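Read the structure below first, then the notes.
Values quoted throughout were computed directly from the atomic coordinates according to the rules given, and no laboratory measurement underlies them. The shown structure was predicted, so the numbers you read here are calculated from the model rather than taken from an experiment. Using ideal geometry, Cβ is built from the backbone for each residue, glycine included, and neighbour counts are taken over all protein chains shown.
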Amino acid sequence: MSTVTMILAGLLVLALTAFLAYRALDMAYERRIASYQNKLLKNQVDEVHNVYLTMRGWRHDYHNHMQSVKAYLAMDNLEEARAYLDALEQDLDDINLLFNTGNINADAILNSKISLAIKKGIRVDYKATVPGELGVSDIDLCVVIGNLIDNAVEACEKVEPDHQFIRLYIGVLRGNLYLSVTNATCEQTRKLDEEYVTTKRGNHGHGLKRINNIVHKYDGFINRKNEPGVFVTEIMLPL
């Protein structure tokens, strides 16, 4: 074997080793990010789920609560009636049930995320219907919805308050679960999908990659549009 051939072979081995090492590190990084986000998401879903069930329980006990208040009023015991109502108000503080899609997990994440967006002063228009049974796992569905709304809120926060908006639509279209999120953005240029994802950094970039990975996992479809002042994401996932 000639010296040149040996050098080329050595360089090839070094290049292959470097590639494999980079690939292993990249995969390990993606696994850590996925594990971390899944852990955060599970905790959030569990928390919101519990709040949702508490709210349903309060509705179930509504008549009992009203009877108790009426009893205090009938005895002219205004202090007790006021204290009872204050306790109920505390239980309902910060609970805003906006969604009843038909899927409890979707309701939990949507109520949590959209309520927070509204609390931030962002104008939100929404309509959502989700089948109770899906071909997508609960965790994956919540990852997609959560990241879509988080990214939309993050984009709106960089826009003047009067121009902040989010439009959300979820429904069944042609045998698929269709999700569409439109939001205000300060970005003015159109970007290709892969360029847009790879140029983002931090939580936004991780969120975009997580959405892409899940859509590809289920052989779904994703489309992003970046018009002046408006960003749109459309996703279709098989039922």
field: Sites ASP125 and TYR62 - FRET efficiency at Förster radius 35 Å, r taken between beta-carbons, to 0.05
entry: 0.75
- request: Kindly write out, for segment 122-127 in residue order, the coupling ³J(HN,Hα) from the Karplus curve 6.51 cos²θ - 1.76 cosθ + 1.60 (θ = phi - 60°), rounded to whole Hz, with x marking Gly and Pro.
  value: 7, 6, 10, 10, 8, 7
- request: With a point put 7 Å past each Cα toward its Cβ, work out how far LYS225 is from GLU154 in nm, to one decimal.
  value: 2.3 nm
field: Entries of LYS127/LYS209; LYS119/LYS217; LYS127/LYS225; LYS70/LYS127 with Cα pairs more than 32 Å apart
entry: LYS119/LYS217; LYS70/LYS127
field: Potential lengthening between LEU98 and GLU234 on full extension [0.36 nm per residue; Cα-Cα distance subtracted]
entry: 46.8 nm
task: Show me 210-216, 138-144 ranked by packing, highest mean number of other Cβ atoms within 10 Å first.
output: 138-144, 210-216
task: Per residue of segment 67-74, in order, report the coupling 6.51 cos²θ - 1.76 cosθ + 1.60 (Karplus, θ = phi - 60°) as ³J(HN,Hα) in whole Hz, putting x for Gly and Pro.
output: 5, 5, 5, 4, 5, 4, 5, 4
message: Give me the net charge for the shell around TYR178: Cβ to Cβ below 12 angstrom, other residues only, Lys and Arg +1, Asp and Glu -1.
response: +1
Gain upon complete extension [HIS163, ALA83; 0.36 nm per residue less C-alpha separation]: 24.6 nm
query: Of VAL153, ILE104, LEU134, which is farthest on the positive side of the dipole of segment 97-238, counting Cα position, with +1 on Lys and Arg Cβ, -1 on Asp and Glu Cβ, and the Cα centre as origin?
result: VAL153
